[in-house]
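Novice: Got a structure here, written out as structure tokens. Questions coming.
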Amino acid sequence: WSDLKALFRLIVLMREFRPHIVHTHTAKAGTLGRLAARLVRIPIVVHTYHGHVLHSYFSPIKTKLFLSIERRLARWTDRLLTVSEQVRSDLLASGVGRPERFTVMPLGLDLDPLLTCENLRGQLRTEIGVPAEAPLVGIVARLVPIKRHEWFLEAAAQVVQEFPTCQFLLVGDGERHQELRALVGQFHLDGHVHFLGWRYDLARIYADLDVAALTSANEGLPVSLIEAMAAGRPVVSTRVGGVPDLVEDGITGLLVPPDEPTALAEAICTLLSDPQRRQMMGRAGRTRVHPSFSATRLLDDMDQLYTELVAQRRGNRY
């Protein structure tokens with residue numbers, strides 16, 4: 001009922017505003033927004049896939065249903081944007097959309113605060129009581145199943161065998177909060193793990209990390225890795241989705257297979273034992289994401305896209 005109410009309200013708004021372009025994001029908003037746009041006969045419809053929910057999210061039956069919906073919606077969409085080449089390839093392989101309707105448009109973020117985060121180094125460690133000499137590894141992600149924090153915690157238990165003073169941060173919140181706290185005890189990590197919840201001072205957090213990790217089972221193009229690289233931090237991540245499009249293995253970070261906590265732990269230990277390599281990767285990562293993933297670049301790309309789409313419909317009466 002909530003979805004039907006939202007759909008009706010979108011139809012009312014579109015009829016009042018009469019936009020030339022409707023641009024939707026995310027699965028639910030993309031479904032309701034594009035359906036409303038079709039019913040109102042909006043001239044141009046654009047949708048951005050920041051990833052997809054076609055594996056590792058739902059049961060096979062639900063996934064099949066959502067896939068059929070996405071295939072239908074793609075026929076009603078003038079341009080399909082993906083944040084990475086891999087997401088585009090996955091969607092095409094699943095029968096969603098046609099190649100000529102896709103455009104790869106990477107994310108664009110305000111990275112300026114992260115470029116100078118070294119000035120904030122030490123503040124977070126003081127806040128949570130982590131000594132300057134203790135290795136600090138963090139993951140910035142919603143506490144939800146797709147992020148597979150259990151792999152991170154299992155790897156952490158192995159890392160402390162080699163680096164007994166190592167500390168670990170979980171930044172974010174979500175439905176698995178209590179479950180993950182229980183796992184900390186099961187992995188004998190009491191005193192090593194800090195749950196920071198939702199934070200907006202991400203520059204302070206990245207400034208004090210020695211390694212930034214991500215353990216997702218599925219990703220489009222992870223914001224947290226872009227932020228960590230802009231902050232000059234080496235990253236360790238599962239090789240999933242669009243991550244290899246962002247992280248060059250061995251150059252800007254280390255990639256490991258999903259569901260292999262031991263490989264993850266080994267990669268983290270490799271970087272913790274080599275400060276010079278961490279610095280080199282951090283510098284290479286910053287060069288990789290800035291200005292390529294800056295907000296200015298995204299605005300320019302979006303302006304060009306909208307102008308192109310409107311030009312193609314110039315003969316239409318809006």
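The values are calculated or read from the model by the stated rules, or taken from the named source; none is laboratory data. Not measured: the values here are computed from a predicted model. As a convention, Cβ positions derive from the backbone with ideal geometry for all residues, glycine included, and neighbour counts pool all protein chains shown. Note: areas computed on protein heavy atoms with side chains; ligands, DNA, RNA excluded. Shrake-Rupley method; radii C 1.70, N 1.55, O 1.52, S 1.80 Å.
Novice: Within the stretch 196-207, is even one residue surrounded by fewer than 18 Cβ atoms within 10 Å (Cβ to Cβ) and in a strand (DSSP E or B)?
Specialist: The answer is yes, given that some residue of the stretch 196-207 is surrounded by fewer than 18 Cβ atoms within 10 Å (Cβ to Cβ) and in a strand (DSSP E or B).
Novice: Within the stretch 265-273, identify whether any single residue is surrounded by fewer than 24 Cβ atoms within 10 Å (Cβ to Cβ), of a type in the set (S, T, N, Q) and not in a helix (DSSP H, G or I), and answer yes or no.
Specialist: Yes, some residue in the stretch 265-273 is surrounded by fewer than 24 Cβ atoms within 10 Å (Cβ to Cβ), of a type in the set (S, T, N, Q) and not in a helix (DSSP H, G or I).
Novice: Within the bounds of the stretch 141-157, is there any residue that is open to solvent by 50 Å² or more (accessible area, probe 1.4 Å) and free of Cβ contacts under 8 Å to residues at least 24 places away in the same chain?
Specialist: So far as the stretch 141-157 goes, no, none of its residues is open to solvent by 50 Å² or more (accessible area, probe 1.4 Å) and free of Cβ contacts under 8 Å to residues at least 24 places away in the same chain.
Novice: Something else now. Could you check the stretch 126-158 and list, in sequence order, the residues that are among the hydrophobic types (A, V, I, L, M, F, W, C) and either on the phi > 0 side of the Ramachandran plot or not in a helix (DSSP H, G or I) (or both)?
Specialist: 130, 132, 134, 136, 137, 139, 140, 141, 143, 144
Novice: Okay, next question. Counting just the residues of the stretch 159-195 that are free of Cβ contacts under 8 Å to residues at least 12 places away in the same chain and assigned to a loop (DSSP other than H, G, I, E, B), which one comes out nearest to residue 266 (Cα to Cα)?
Specialist: My answer is 164.
Novice: Still on this model: Does residue 31 satisfy being hydroxyl-bearing (Ser, Thr, Tyr), modelled with pLDDT of 95 or more, part of a strand (DSSP E or B) and closer than 25 Å to residue 223 by Cα?
Specialist: Taking the combined requirement at face value, the residue does not satisfy it.
Novice: Oh, and also: Can you run down the residue pairs with Cβ atoms below 7 Å, 6 or more apart or on separate chains, where the first is in the stretch 281-300 and part of a strand (DSSP E or B) and the partner is modelled with pLDDT of 95 or more and of a type outside the set (A, V, I, L, M)?
Specialist: If the second residue must be modelled with pLDDT of 95 or more and of a type outside the set (A, V, I, L, M), the pairs left are 294/108.
Novice: With the structure loaded, tell me whether residue 305 is in contact with a strand residue (DSSP E or B) (Cβ under 6 Å, 6 or more places away or on another chain), over 19 Å from residue 207 (Cα atoms), outside any loop (DSSP other than H, G, I, E, B) and open to solvent by less than 20 Å² (accessible area, probe 1.4 Å) or whether it fails that test.
Specialist: No; evaluated as a whole, the condition is false for this residue.
Novice: What is the one condition in (1) in contact with a strand residue (DSSP E or B) (Cβ under 7 Å, 6 or more places away or on another chain); (2) within 19 Å of residue 261 (Cβ to Cβ) that residue 219 does not satisfy?
Specialist: That leaves (1) as the condition not met.
Novice: Do any residues in the stretch 28-42 that are closer than 21 Å to residue 1 by Cβ have Cβ atoms under 6 Å from those of residues that are part of a helix (DSSP H, G or I) and of a type in the set (Gly, Ala, Ser), where the two are at least six apart or on different chains, and which pairs are they?
Specialist: Listed by first residue and then by second, the contacts come to 32/6.
Novice: While we're looking at this one, here's another question. Name every residue in the stretch 158-181 that is open to solvent by 30 Å² or more (accessible area, probe 1.4 Å) and closer than 18 Å to residue 258 by Cα, in order of residue number.
Specialist: The one that is open to solvent by 30 Å² or more (accessible area, probe 1.4 Å) and closer than 18 Å to residue 258 by Cα: 158.
Novice: Hey, could you check the stretch 92-119 for residues that are in a helix (DSSP H, G or I) and touching an Asp or Glu at 6+ places or on another chain (Cβ under 8 Å) and say which is surrounded by the most Cβ atoms within 10 Å (Cβ to Cβ)?
Specialist: Of everything passing the filter in the stretch 92-119, 114 is surrounded by the most Cβ atoms within 10 Å (Cβ to Cβ).
Novice: Considering 237, 224, which residue is crowded, with 23+ Cβ neighbours inside 10 Å, within 12 Å of the chain's Cα centre (by Cα), modelled with pLDDT of 95 or more and not in a helix (DSSP H, G or I)?
Specialist: One residue alone meets the criteria, 237.
Novice: Out of 4, 39, 65, I need the residue that is surrounded by fewer than 21 Cβ atoms within 10 Å (Cβ to Cβ) and modelled with pLDDT under 95. Which one?
Specialist: Going through 4, 39, 65 in turn, the sole match is 65.
Novice: Is there any pair with a first residue in the stretch 200-225 that is under 21 Å from residue 129 (Cβ atoms) and basic (Lys, Arg) and a second that is open to solvent by 20 Å² or more (accessible area, probe 1.4 Å) and not in a loop (DSSP other than H, G, I, E, B) whose Cβ atoms are under 7 Å apart and which are 6 or more apart or on different chains, and what are they?
Specialist: Listed pairs, sorted by first residue: 204/120; 204/123.
Novice: A further question follows. If you go through the stretch 5-28, how many residues are over 29 Å from the mean Cα position of the chain (by Cα) and in a helix (DSSP H, G or I)?
Specialist: Residues that pass the stated criteria total 10.
Novice: Something else now. Within the bounds of the stretch 68-89, is there any residue that is out of contact with any Lys or Arg (no Cβ under 7 Å at 6 or more places or on another chain), farther than 30 Å from residue 148 by Cα and without any contact (Cβ under 8 Å) to a residue 60 or more places away in the chain?
Specialist: Among the residues of the stretch 68-89, at least one is out of contact with any Lys or Arg (no Cβ under 7 Å at 6 or more places or on another chain), farther than 30 Å from residue 148 by Cα and without any contact (Cβ under 8 Å) to a residue 60 or more places away in the chain, which makes the answer yes.
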